[in-house]
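The values are calculated or read from the model by the stated rules, or taken from the named source; none is laboratory data. Nothing here was measured: the structure is a model prediction, and the numbers come from that model. No Cβ is skipped: glycine too gets one built from the backbone with ideal geometry, and neighbour counts run over all protein chains shown.
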Amino acid sequence: MYVYELERLEHLRNWLTLKNEVLRPIADESGNGHWGVVKHGDVVPFDMDLRPDMSPKGLFFAERETVMKFDGTLFRETLPEQKPQVLFGLKACDLTAIAYQDNHFKDDPYYQARRKNTLLIGIDCQEACENGFCASVDAGPHVDTDIADLVVTPMPHMADDEHGWWVICASPEGQAAIAGLGLAPADPGWENWRDMARRHAEATFPKDTHIINGIQRINGRAVPDEAWERFAHQCISCSGCSMMCPTCSCYATRDVPEAEGVIARERIWDSCLMVGFQKEASGANPAAEAGKRVYRYWYHKFSDDVAARAGRYMCVGCGRCEATCPGMIGVHSIMEKIANA
Amino acid sequence: MLSLTPDAIRLVEFYEDGDDVGHFTFEPVDATKGFPDVCNPEKVEPGQFFMLSIPGKGEAAFTYTHTPDENGRFVALIRNIGCLTRQLFKTEVGSILGGRGPMGKGWPDFKGQNVLVVAGGLGLAPVAAEIYSLIEKESAPTVYFAARNESMLVLRNERDDWMDKCDLYQAVDDLDSLTGKSTVKTNGGQFMHGRKLADNLAQILEEKGPFDHVITCGPEGMMEAVCKIMMGLGQSADSLWLSLERRMHCGVGLCGHCYVAEDLVCVDGPTYRWDQLGELVVKEKAIKPPAETVDMTTHTRRTRQSA
Amino acid sequence: MGSGAMTNSIVDISKADVIVIFGCDPTESHSIIGSEIMKAKEKGALLLVVDPRRTRLAKMADVHLQLRVGTNIALLNGLVNTIFENGWENKKFLEERCEHADRVRKHVKDYPLDKVADITGVPMDQLKQFARIYSKARAAFLAYGMGVTQFVSGTNNVLALSNLVLSCGHVGRPGTGMNPLRGQNNVQGACDMGCLPGDLPGYQSPNDPNVRAKFERAWGTPVADQPGITSMNMNELALEGKFNALMIFGEDPVVTDPDQNRVARALRSMDCLVVVEMVMTETAKLADVILPAASFAEKGGTFTNCERRVQRVNQAVNPPGECMGEWQMLQALAKRFGTPGFDWETHEDVFNEITEVTPNYSQMSYQRLDEANGLQWPCTSHHPDGNSVLHKRSFPLGKARLMPVHYLPPEENPDDDYPFYLTTIRLHFHYGCGSMTRKSPILERESPEGLLFMNPRDGANQGLFNFAPVGVRSRRGYLETRVQFTDQVPPGLVSLPYHFSDTPSNQLTNDAQDPTTGMPELKACAVRVEPLARDMRPRPIQILRNENYEPAVEEAGADYVRI
């Protein structure tokens, strides 16, 4: 693995804009982050602490897209076109989720059309973020080099001092992307420093006993149905958690009439917390009770059975559901409740 | 890569086969370059399903009642129940629709085994292909078919055909609904009483058993009862097979709608062995029930029909 | 007490130690406020819910008074009586800030707990518990909704409610207040701007010659000195041939107003009906002219929410085709009529005119609204930064007046022919008449048809099964739908969402009105539930009408053909 030294992140970012569309977290007027395009020559400093409210999943698994069209006699697949793009500054949690979705959608032509032309640049977190608990579910705070093309990690420094960065080439594509940038190779000690920084970062996480207990109780099926039904009183089926969750991947389809008798089939994000998710045409509904749906959601995130198939827990510890849930049953709140149920 | 784009198929025949139930035959629109998978007799197994597209209304899962023949023609038995099927019932013969498949796991190969098939109402649809396949393999099964009343005795032509080829027991819940039009050859020419499921199964076991395997399909409450009764009669849990239904949008394990615990019915099912399904159902319940009972009461109300 | 708006703010929910939810279902109809209530409850506030239905919040509540429909006043008088009898009232507040407390004290003696328990069906100990918790609270936030106002006795309900609030002094401080949750986005703004028949903008009375003079100066034209008429009144006059032309902005009264057969007849009898709409609604189908409206994202302006906060709306995209904002339409019309005074250049000019003539808005401007993320009126020279809590030191009338009110049952009550109370409800998946939300496929999947909600016990007695097709009949109309069993409604009560034009609850509702406000009694009428054949599919109202099932309406069939 090649590792180089980099003085400023903006330098690397600008270099990448030469051949790609580069997206990076950007704050809007209200301070919320989203993924926005950075133009060549842009000198806006990179904000390490900003993590977009929405996970980047929508960049590959579109919130709404046309999958095929029917013209009266033929059905035609409508694949998206994707110019080469770079996601610059992905945190470990989001990268872990992308790695999961890469596998879930490995045979999905729409996802892969966008994904295969995308370079992922990860960044190591130096401390816990609000609601984050990636360290508890093996998804951070440092980026696993198996799931990014390049990883940038800060060099040791004091508080707010200016500091340099190490650039780790985690894939041949990442290596190729910085060829010609003329970076100096890193000193051999970088790995020890990175390891130490990770331990420092992990020490900043608040205690996670409620998460660990909650996972155990879900897997031990130790939470009574009545308790789930009680938690579910607070779920208004807004589907905010599913929309924000970087691993949620369920979708529904609908047919939309277009001009001249052409029908387009779209797929749109869906959520298992909605009462109609499993409802059949006859009205029969295996998940009619709200408690069963809330249980389903968390079972799917934290069950060992699902983890055995997916390779890991479906939760990556980003805490977005906690931030968005209007009913106070996001991950921290529900795990506290489960631990006490 | 998977494809979410259907192949064009043509509706070639339709007749009413029960109250609000239609018997639909489809064939490939263009077979010049070989059959698309959904119509390919080499690829479709009994027990599998396909996604039927009604352009403008969407796509839903239906089981193969007849797997494709050498011309790629196949049959589905469909109830008029939702907005998609309502449109299908209005579709004229000759229209072009879309098909994707085959999907899911079919029934295991029971060649040379003594098999009992227990079907209720539209649950006859997913086992019909298997009955034909077993007859062809000279392992004609014993069939028990029960319906609510005479008008729900579906697949009448198929049953007439089986009458001479296998042991066919038939039952209706409402014996008063019988007009004498329907024929019965087994059981002394009598319809059995559908509500006496346990007695009927015991009688069949005595006359035709023991069975190596039992396949059942119907409303979920019925399947549960069949499995419990058969286990009570000494059938082992790993010789009981059934077929599940769930709402589906993709059929290929992506959309997430058809979950049962960690399984997705579209790729891991729809056919299940009773003991394996029992494990999943138990996981779906938050609280672990005592080890010996497998409680499916929360999973009732599903029928084989989907739309 | 004075003004028709929340006395406090949404943020006060988090400052209260007791929260009372009276006749509304905020998790369904005001989800953000519902969320604040859930958060406050999680942090330890006590939650008291008064509702005939076991709503989501009722299930979470510490005390749920599940009263019979339409018995609000008996319940409230009983509570006030209990408070006075036990000496739990806020004596200092009553003495310093209120008058006529003694009159009410005497009056409510007619409502002893056992009698109230009889009328309302709420056990006595629950009533007493409620009275104790509410009166002993440090700060109690009370929110109420259509379950209070949409009755013939709506005004009296509100008076009885204010007696309770005043007697305990839970007003004028953070975390307290008497807070109506409004029915729609910007309905507060519409009221503020004089869309009430008796008001000029800013709740200024046309009876006041000074006010009239001010508006006449500002507008350069005489101003009416008589109040206008309510929408119910318009229907009546239209049917009498005395009201001939109407322009409707973004409303679907055929679906949302009571007794819709009558509404449709009234609208059809007009000489000229203009509807300004984004989509083809049932009302728009009756219009002579339909003008295309811009959506919220296609125009600029302000919305005022229920906590009196005036907020900027910024245009995000250009309106399609010939769509335009309402102010532009009025302006274009005025121009053709040759009426001067409508020569604004931008929507900001419109707002500046508002601030000139509306004292409550006088210190607002677009710039100040942007800077402050919205300002809460009254925003005057005394309070240039707005007011989050009203009535801190005094009431608009000086002292607040307690008013004795009597309990009267709803206009129409169940009897042998029509044995169920019907109440109308909202579902959070849909908004208003559903003309927008029912176009979303996932929302439509979530509640695809207007279901009739019924207690499982009633269902069993009627020989129904879940999702059974039923006909629902009242003295005014008939519709068909499916029944869904739920423990949300008690036996004897059925509920019907009002969003669905296929199964419009207003086929059935009573248009008896509150004599003061003209608010129709949407929350209670008597109906009969008729089982249909098991396999029958409920027919939408449009088909029932065409089959002349409902003889009250003579349809030109083509009006109602669905695509």
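Name the residues in the range B:76-105 that are outside any strand (DSSP E or B), under 29 Å from B:Ile135 (Cβ atoms) and touching a helix residue (DSSP H, G or I) at 6+ places or on another chain (Cβ under 8 Å), would you?
Across the range B:76-105, the qualifying residue is only B:Gly104.
I'd like the residue in the range C:355-377 that is modelled with pLDDT under 90 and in a loop (DSSP other than H, G, I, E, B) and, out of all such residues, is nearest to the chain's Cα centre (by Cα).
Checking each candidate, the answer is C:Trp377.
For the range A:1-39, how many residues meet the condition of being surrounded by fewer than 16 Cβ atoms within 10 Å (Cβ to Cβ) and at pLDDT below 90?
7
For residues in the range B:245-262 being more than 7 Å from chain A (Cβ to nearest Cβ) and surrounded by fewer than 24 Cβ atoms within 10 Å (Cβ to Cβ), which is modelled with the lowest pLDDT?
This residue is B:Val260.
Does any residue of the range B:228-244 turn out to be within 18 Å of A:Glu280 (Cβ to Cβ) and touching a residue at least 60 places away in the same chain (Cβ under 8 Å)?
Among the residues of the range B:228-244, at least one is within 18 Å of A:Glu280 (Cβ to Cβ) and touching a residue at least 60 places away in the same chain (Cβ under 8 Å), which makes the answer yes.
Hey, does the range C:334-349 have a residue that's within 21 Å of C:Asp370 (Cβ to Cβ), assigned to a loop (DSSP other than H, G, I, E, B) and small (Gly, Ala, Ser)? Working first, answer last.
The first filter runs over the range C:334-349 and keeps only residues within 21 Å of C:Asp370 (Cβ to Cβ), leaving C:344-349.
From what's left, assigned to a loop (DSSP other than H, G, I, E, B): C:344-346.
Subsequent filtering for residues that are small (Gly, Ala, Ser) retains none.
Checked against the condition, which is being within 21 Å of C:Asp370 (Cβ to Cβ), assigned to a loop (DSSP other than H, G, I, E, B) and small (Gly, Ala, Ser), the range C:334-349 yields no hits at all.
Residues that are crowded, with 21+ Cβ neighbours inside 10 Å, more than 28 Å from the chain's Cα centre (by Cα) and of a type in the set (A, V, I, L, M, F, W, C): does the range C:113-136 have at least one?
No.
Name the residues in the range B:82-115 that are more than 14 Å from chain A (Cβ to nearest Cβ) and of a type in the set (Phe, Trp, Tyr), would you?
Correct list: B:Trp107, B:Phe110.
Does A:Gly140 meet the test of being buried (at least 23 other Cβ atoms within 10 Å of the Cβ) and touching a helix residue (DSSP H, G or I) at 6+ places or on another chain (Cβ under 7 Å)?
yes
Per-residue answers, yes or no, for (1) outside any helix (DSSP H, G or I); (2) modelled with pLDDT of 90 or more; (3) touching a strand residue (DSSP E or B) at 6+ places or on another chain (Cβ under 9 Å):
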site: C:Arg132; (1), (2), (3): no, yes, no
site: C:Val148; (1), (2), (3): no, no, yes
site: C:Asn163; (1), (2), (3): no, yes, no
site: C:Pro174; (1), (2), (3): yes, yes, no
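Working only within the range A:207-221, note down all residues that are small (Gly, Ala, Ser), touching a residue at least 24 places away in the same chain (Cβ under 8 Å) and surrounded by fewer than 20 Cβ atoms within 10 Å (Cβ to Cβ).
none
From the set of residues in the range A:224-235 that are assigned to a loop (DSSP other than H, G, I, E, B) and buried (at least 22 other Cβ atoms within 10 Å of the Cβ), which is nearest to the other protein chains (Cβ to nearest Cβ)?
A:Gln234
Scan (1) at pLDDT below 90; (2) of a type in the set (Ser, Thr, Tyr); (3) not in a loop (DSSP other than H, G, I, E, B) for the single condition C:Tyr431 breaks and write down its number.
Against the list (1) at pLDDT below 90; (2) of a type in the set (Ser, Thr, Tyr); (3) not in a loop (DSSP other than H, G, I, E, B), C:Tyr431 comes up short only on (3).
Mind checking which residues of the range A:38-83 are at negative phi, over 20 Å from the mean Cα position of the chain (by Cα) and in contact (Cβ under 8 Å) with a residue 60 or more places away in the chain?
Passing the criteria: A:Thr66, A:Val67, A:Met68, A:Lys69, A:Phe70, A:Asp71, A:Thr78, A:Lys83.
Give A:Ala139, A:Ala170, A:Ala128 a once-over and let me know the one that is of a type in the set (A, V, I, L, M), farther than 23 Å from A:Met1 by Cβ and touching a residue at least 60 places away in the same chain (Cβ under 8 Å).
Exactly one of A:Ala139, A:Ala170, A:Ala128 is of a type in the set (A, V, I, L, M), farther than 23 Å from A:Met1 by Cβ and touching a residue at least 60 places away in the same chain (Cβ under 8 Å), namely A:Ala128.
Which one is surrounded by the fewest Cβ atoms within 10 Å (Cβ to Cβ) among residues in the range B:1-34 that are without any contact (Cβ under 8 Å) to a residue 40 or more places away in the chain and more than 10 Å from chain A (Cβ to nearest Cβ)?
Applying the filter and picking the extreme gives B:Thr32.
Restricting attention to the range A:243-260, which residues are outside any strand (DSSP E or B) and facing another protein chain (nearest Cβ under 10 Å)?
Answer for the range A:243-260, where residues must be outside any strand (DSSP E or B) and facing another protein chain (nearest Cβ under 10 Å): A:Cys248, A:Ser249, A:Cys250.
Only one of (1) crowded, with 19+ Cβ neighbours inside 10 Å; (2) on the phi > 0 side of the Ramachandran plot fails for C:Ala266. Which number is that?
Condition not satisfied by C:Ala266: (2).
Given (1) assigned to a loop (DSSP other than H, G, I, E, B); (2) closer than 21 Å to A:Asp102 by Cα; (3) touching a Leu at 6+ places or on another chain (Cβ under 8 Å), where does A:Leu181 come up short, assuming only one miss?
(2)
How many of the residues making up the range B:154-192 are in a loop (DSSP other than H, G, I, E, B) and touching a Phe, Trp or Tyr at 6+ places or on another chain (Cβ under 8 Å)?
Of the range B:154-192, the ones in a loop (DSSP other than H, G, I, E, B) are B:154-155, B:163-166, B:173-174, B:178-186, B:190-191.
If we keep only those that are touching a Phe, Trp or Tyr at 6+ places or on another chain (Cβ under 8 Å) too, we end up with B:178, B:182, B:184, B:186.
Of the residues in the range B:154-192, 4 are in a loop (DSSP other than H, G, I, E, B) and touching a Phe, Trp or Tyr at 6+ places or on another chain (Cβ under 8 Å).
For the range C:382-426, give me each residue that is part of a strand (DSSP E or B) and closer than 20 Å to C:Ser474 by Cβ.
C:Phe420, C:Tyr421, C:Leu422, C:Thr423, C:Thr424, C:Ile425
Out of (1) part of a loop (DSSP other than H, G, I, E, B); (2) away from chain B (no Cβ under 14 Å); (3) in contact with a helix residue (DSSP H, G or I) (Cβ under 9 Å, 6 or more places away or on another chain), the odd one out for A:Arg221 is which?
Going through (1) part of a loop (DSSP other than H, G, I, E, B); (2) away from chain B (no Cβ under 14 Å); (3) in contact with a helix residue (DSSP H, G or I) (Cβ under 9 Å, 6 or more places away or on another chain) one by one, A:Arg221 breaks only (2).
Residues are listed down the side, and each one gets a yes or a no for (1) under 22 Å from the mean Cα position of the chain (by Cα); (2) buried (at least 23 other Cβ atoms within 10 Å of the Cβ); (3) not in a helix (DSSP H, G or I):
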| site | (1), (2), (3) |
| --- | --- |
| A:Gly283 | no, no, yes |
| A:Gly291 | no, no, no |
| A:Val306 | yes, no, no |
| A:Cys315 | yes, yes, yes |
| A:Cys318 | yes, yes, yes |
| A:Glu336 | no, no, no |
